[in-house]
Amino acid sequence: MAATTTRPPRLKNGTRVHVRSDHFAEECDARITKATWDDGWLYRVEVTSGQTPQDAQHDDGTVWVWDFEVQPLA
């Protein structure tokens, strides 16, 4: 029998988050604009302040970060 994986809750579009990771030096505040599941939530964010993480920026200019790299802001 296959194991069942429960997905953690997804942050809603428009949620303000702080982006920080051990995988890149830059930190920023951002707003979630989209999410997709890939063995974890992968969020497309729009940077609102701070430095855009270059390692998270794709050739088309979008910024994608993993769920463990975002912390919701109050």
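The values are calculated or read from the model by the stated rules, or taken from the named source; none is laboratory data. Note that the coordinates shown come from a computational prediction; the quantities given were computed from them, not determined experimentally. Reconstructed Cβ throughout: ideal geometry from the backbone, glycine too, with neighbour counts over all protein chains shown. Ligands, DNA and RNA are excluded from the accessible area calculation, which covers all protein heavy atoms including side chains. Shrake-Rupley method; radii C 1.70, N 1.55, O 1.52, S 1.80 Å.
Data table
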quantity	calculated
Close pairs from segment 42-53: first farther than 11 Å from ARG16 by Cα, partner open to solvent by 30 Å² or more (accessible area, probe 1.4 Å) and not in a strand (DSSP E or B), Cβ under 7 Å, at least 6 apart	TYR43/LEU11; TYR43/ASP67; ARG44/THR62
Count - residues of segment 4-29 that are buried (at least 16 other Cβ atoms within 10 Å of the Cβ), polar (S, T, N, Q) and touching a strand residue (DSSP E or B) at 6+ places or on another chain (Cβ under 6 Å)	1
Verdict on PRO53 being of a type outside the set (Ser, Thr, Tyr) and open to solvent by 40 Å² or more (accessible area, probe 1.4 Å)	no
